[in-house]
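Nothing in this text is a laboratory measurement; each read-out follows from the coordinates by a stated rule. None of the values given here were measured: they were computed from a predicted structure. We place every Cβ from the backbone using ideal geometry, glycine too, and count neighbours over all the protein chains shown.
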Amino acid sequence: MFSRLHHLAIICSDYKISKKFYTEILGAKIINETYRAERDSYKLDLRLADCQLELFSFPTPPPRVTNPEAVGLRHVAFALSDIEKTVLELKNKGVEVEPIRVDPTTNKRYTFFRDPDGLPIEVYEE
């Protein structure tokens, strides 16, 4: 039925801060940036690894209801080959990263950090 994941959409509370976080800190490449005057909203298409992200801004978006245990999308996860290198790079850029853990099912290492609006992002070592 489906061939692949096309994109993930993220609504941010402060467009400039989130744009900087995803492009300068996480290294996402800008595909397209559009200002939609009728909605007073930006839509920023980004490429991060093999995933496309859509970053949206709206004048007054409601906050996330609760932490990841609420019904709905739990978190975003990206695969990587060297978790310690990535964690060090994130910390050097001022990102608070949780301690590295081991998945008891796969025995793979992973950890979480949050974007400027608190969206949990997981990095998972392949």
Using Cβ contacts closer than 10 Å as the measure, can you line up 100, 10 from fewest to most? 100, 10
Kindly state, to the nearest 0.05, the FRET efficiency for residue 60 paired with residue 82, given R0 = 35 Å and r defined as their beta-carbon distance. 0.30
Note down the nm distance, to one decimal, between modelled labels 7 Å out along Cα→Cβ at residue 29 and at residue 108. 2.4 nm
Neighbour counts of other C-beta atoms within 10 Å: give me 21, 56 arranged from fewest to most. 56, 21
Applied in sequence order to region 29-43, the curve 6.51 cos²θ - 1.76 cosθ + 1.60 (Karplus, θ = phi - 60°) yields integer Hz couplings, x standing for Gly and Pro, of 9, 6, 8, 7, 10, 10, 9, 9, 4, 5, 10, 6, 9, 9, 10
What is the helix-to-structure angle for 83-92, meaning the angle in degrees between its Cα long axis and the longest Cα principal axis of the chain, kept from 0 to 90 and rounded to the nearest 10? 50 degrees
Tell me the GluC sites (Glu not before Pro) within region 14-51 that lie in a loop according to DSSP and have at most 14 other beta-carbon atoms within 10 Å. none
Taking every pair of alpha-carbon atoms in region 1-62, give the share separated by more than 19 Å as a whole percent. 30 percent
